[in-house]
Amino acid sequence: MKIIGLTGGIGSGKSTVLALFKALGAVTYVADTEAKKLMNTDEELINQIVKLFGEKAYEQGELNRSYISSIVFNNEEKLNALNALVHPKVREDFQHFIKNQKADFVIYETAILFESGSDQFCDYVITVIAEMAHKIERIMKRDSVSETQVLERMKNQSADDFKIKKSDFVIRNNHLEDTKNQIFTIFELLKKLKLK
């Protein structure tokens, strides 16, 4: 089974691209979604997060996301410490996930594929990019935030150029029909690459 990493910066439209791959029949795993589940269900992880952030880290048994975000947004050390706890758990969960799959390839989607080192277990990597204007518009619409807030968030992410250099495929997600054609082409190529 081949592991295909799918990544892209904020507002690039990774979720749309992933949904289109899924519609073609691809098996997908969304690391961010699974990480959120694990932070609310894995006892060991919960205890480690409480140790790192204190009792306020959880409210009524649920991860206090706004509290943790407010800390890690301006504290790289705490963010790295949180990632060091969460990433191994997600990788472990992913290993269980693929054991139960019969597919030729699985698409592993995460915004921080390279930053977390997850690209090392991928056979191929796809990066989704988009024009800046499209990205800003998408995030403002999705999160009801100002352009200034969007640009502030973007500062914390790796540049597209860095991701592109390390990728096997790049999807330019600016116009839906064009994006669909790119996805179909890559999907067909991946089906052929499984034979290698």
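The values are calculated or read from the model by the stated rules, or taken from the named source; none is laboratory data. Here the structure is a predicted model, which is why all the values come from computation and not from measurement. Positions of Cβ are backbone-derived with ideal geometry, glycine not excepted, and every protein chain shown enters the neighbour counts.
Just a few scattered comments:
- When ALA111, ALA133 are screened for being outside any helix (DSSP H, G or I) and in the same structural domain as LYS2 (by TED's automatic domain parsing), only ALA111 passes.
- Selection status of ILE98, more than 24 Å from LEU52 (Cα to Cα), in a helix (DSSP H, G or I) and touching a Phe, Trp or Tyr at 6+ places or on another chain (Cβ under 9 Å): yes
- Which listed residue, of VAL90, VAL17, VAL125, is outside the structural domain of LYS180 (by TED's automatic domain parsing), within 30 Å of ILE183 (Cα to Cα) and in contact (Cβ under 8 Å) with a residue 40 or more places away in the chain: VAL90
- One residue from ASP42, ASP32, ASP93 being surrounded by fewer than 16 Cβ atoms within 10 Å (Cβ to Cβ) and within 24 Å of GLY117 (Cβ to Cβ): ASP32
- Residue satisfying all of: in the range 170-180; in a helix (DSSP H, G or I) and within 22 Å of the chain's Cα centre (by Cα); surrounded by the fewest Cβ atoms within 10 Å (Cβ to Cβ) among these: LEU176
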